[in-house]
Ligand SMILES: [Zn+2]
């Protein structure tokens, strides 16, 4: 998975969160942020330069926070991030100023724009990548976009970081439970809960922390020729199913979860119904051969599974409504994408992930994994800043015919 570098250096959004870190996530609406107390400590109070005044003037800060909170939310769309706030140091300060932070001369609006434009822009804008993190601008706050996390033993959770040369120190309260590397990758080691802290190297009194619960990984196992990872049945182009694997229909859990989903959709005025649920090996064989005869194998392989490799054979997958590109962007498709996780389903073949799943975008194909797993995968997607995180990416597995 591609690492996202979300560079959010030297903006003021997280200032409002300094005193109430736990309440601070990127989902916090701007108006909630406003109510927080603002306090800036360490090293900047005596500084009377313009940009420091900007930071300290409460109304300016409030509006900046709104801008930045909004900017941050849209930019990373739920991504995990570390926001490091640095108070500006003006030209003529003790530090040689050839590489004084650009953001200190920006208006909050510009900063928001910079963030929105993405990592590249931010990277150019923030010259502290050049190395003046060590003291050119005092760190005035650190915030994390999530403050608790659950991972399995062996699993790594990332905080896309503010900067490659992040000058912060990450520590774990119990390395037997979870370790953390220098840029905030948290890896589960053993069952339990521990606190991962990030503090400013410049000012160790400033920091933020996340409570990490590590649960036992069930790992990967094969039962009667079927692969399970952490208890989740895997059926893709790499992991096939025996021809004899036949639950006889949708599993009971899958069907009842779908009923719940359908009534949730109905409450929102939408009709979501099953078009194709369980398909046996033999049924899939007939369908696939038909597609190959019509489209050729290469094309057929992008949208139809070979017999023994279809998720429909598991009894855990459902195609809803119209099984065609006409379903893309419909209110039902949008609703599914937003809500299926609540009912224990994931969109199995998301947009832009053909290279990963082996299938083109299929907004109608949902896969039941259970509510806990769906939430876990969703949380991982949020942390990775990738709303379309796939099962393959979540487990680090492939999907390709051998
Ligand atoms: Zn399907």
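What to note about this one:
- Condition met for residue 324 (at pLDDT 95 or above, more than 10 Å from residue 365 (Cα to Cα) and within 11 Å of the ligand (Cβ to nearest atom)): no
- Residue in region 329-349 that is more than 27 Å from residue 271 (Cβ to Cβ) and away from the ligand (no atom under 16 Å from the Cβ) present: no
- Selection of region 131-151 for residues being out of contact with any helix residue (DSSP H, G or I) (no Cβ under 8 Å at 6 or more places or on another chain) and at pLDDT 80 or above yields 148, 151.
- Selection over region 256-273 of residues that are touching a strand residue (DSSP E or B) at 6+ places or on another chain (Cβ under 9 Å) and either surrounded by fewer than 19 Cβ atoms within 10 Å (Cβ to Cβ) or assigned to a loop (DSSP other than H, G, I, E, B) (or both) gives a count of 3.
- Look at (1) in contact (Cβ under 8 Å) with a residue 24 or more places away in the chain; (2) within 11 Å of the ligand (Cβ to nearest atom); (3) in contact with a helix residue (DSSP H, G or I) (Cβ under 7 Å, 6 or more places away or on another chain) and you find that residue 280 fails only one, number (2).
- Look at (1) farther than 17 Å from residue 257 by Cα; (2) within 12 Å of the ligand (Cβ to nearest atom); (3) modelled with pLDDT of 95 or more and you find that residue 318 fails only one, number (1).
The values are calculated or read from the model by the stated rules, or taken from the named source; none is laboratory data. A quick note: this is a predicted structure, and the numbers were derived from the prediction, not measured. Because the Cβ atoms are built from the backbone with ideal geometry, glycine has one as well, and the counts that use them run over all protein chains shown.
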